[in-house]
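Everything below concerns the one structure shown next.
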Amino acid sequence: MKIVCITGGIGSGKSVVCQIFSSLGVPFYDADKAVHSIYDNHPEVVEKIVREFSDDVIDKNGKVNRKRLGELVFGDNQKLKTLNSIVHPVVKSDFENWTHAHKTFPYVIKEAAILFESGTNAGCEKIITVVAPIELRIARIKERDHKSRAETEQVIARQISDEEKIKKSDFVITNDESQLLIPQVLKIHSALSKE
């Protein structure tokens, strides 16, 4: 079984691409959702987060306030590094358990927005990057997350550029609303299934 990772900047359409792969019967692991689940199901992780960042990041129900935590860490590389050092080992273990449960498949997909930034690309046998024009990405995020242009541009500035991602990738999917996604996914699926 091959581990194929999908990445791309915020608003590029990674999740839509993963849904297409899923409709083809390919299991996919959403690293962002895994982190949310870890916040809810691993009290030891939450304790470490509180120790590092204060209990301001906990809401009235005792859950991690992801928005508040994000505001704290995304403007500060050291704080982001600290958070990643707490969360990523648990995500890594969760992903290993998940892949073991799916070992009969020819390949699985792991979706990770900060694949290269977090260094988790080292565990990928193939990498797919989803790209889209900046203006389209900003419009999608404004509609989906109700973020301002400035907020979205801040997130984009913290992620490595599409050009850098493309250099490190085996496949590129363009999600610019003029090129059809399904034929691009089918072509990659065919290549991965034959290997």
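The values are calculated or read from the model by the stated rules, or taken from the named source; none is laboratory data. Just so you know, these numbers come straight off a predicted model, no measurement behind them. Here Cβ is always computed from backbone atoms with ideal geometry, including for glycine, and neighbour counts include all displayed protein chains. Surface areas here come from the heavy atoms of the whole protein model, side chains and all, with no ligands, DNA or RNA. Shrake-Rupley method; radii C 1.70, N 1.55, O 1.52, S 1.80 Å.
Annotations for the structure displayed:
- For segment 37-67, filtering for residues that are assigned to a helix (DSSP H, G or I), within 19 Å of the chain's Cα centre (by Cα) and more than 20 Å from D94 (Cα to Cα) leaves 1.
- Checking each residue in segment 165-185 for being under 16 Å from K126 (Cα atoms) and surrounded by 14 or more Cβ atoms within 10 Å (Cβ to Cβ) picks out K165, K168, S169, D170, F171, V172, I173, Q184, V185.
- Selection count, segment 146-164, where residues are assigned to a loop (DSSP other than H, G, I, E, B) and surrounded by 16 or more Cβ atoms within 10 Å (Cβ to Cβ): 2
- Checked against the criterion of being in a helix (DSSP H, G or I), farther than 30 Å from K48 by Cα, of a type outside the set (S, T, N, Q) and out of contact with any strand residue (DSSP E or B) (no Cβ under 9 Å at 6 or more places or on another chain), the candidates L80, L186 yield just one match: L186.
- Test for V45: is it at pLDDT 90 or above, at negative phi, open to solvent by less than 90 Å² (accessible area, probe 1.4 Å) and among the β-branched types (V, I, T): yes
- Residue match in segment 49-56 (condition: buried (at least 18 other Cβ atoms within 10 Å of the Cβ), among the aliphatic types (A, V, I, L, M) and in contact (Cβ under 8 Å) with a residue 60 or more places away in the chain): no
- Residue in segment 86-97 that is in contact with a helix residue (DSSP H, G or I) (Cβ under 7 Å, 6 or more places away or on another chain), open to solvent by 80 Å² or more (accessible area, probe 1.4 Å), modelled with pLDDT of 90 or more and farther than 27 Å from K167 by Cβ present: no
- Qualifying residue in segment 97-111 (condition: within 21 Å of T152 (Cα to Cα) and not polar (S, T, N, Q)): yes
Conditions tested, residue by residue: (1) modelled with pLDDT under 95; (2) surrounded by 19 or more Cβ atoms within 10 Å (Cβ to Cβ); (3) outside any strand (DSSP E or B).
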site	(1), (2), (3)
F105	yes, no, yes
V108	no, yes, no
E117	yes, no, yes
A122	yes, no, yes
V130	no, yes, no
L136	yes, no, yes
I141	yes, yes, yes
R144	yes, no, yes
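- Residues of segment 159-191 satisfying the condition of being at pLDDT below 95 and touching a Phe, Trp or Tyr at 6+ places or on another chain (Cβ under 6 Å): I160
- Yes/no for D145 being within 18 Å of the chain's Cα centre (by Cα), within 30 Å of R68 (Cα to Cα) and free of Cβ contacts under 8 Å to residues at least 60 places away in the same chain: yes
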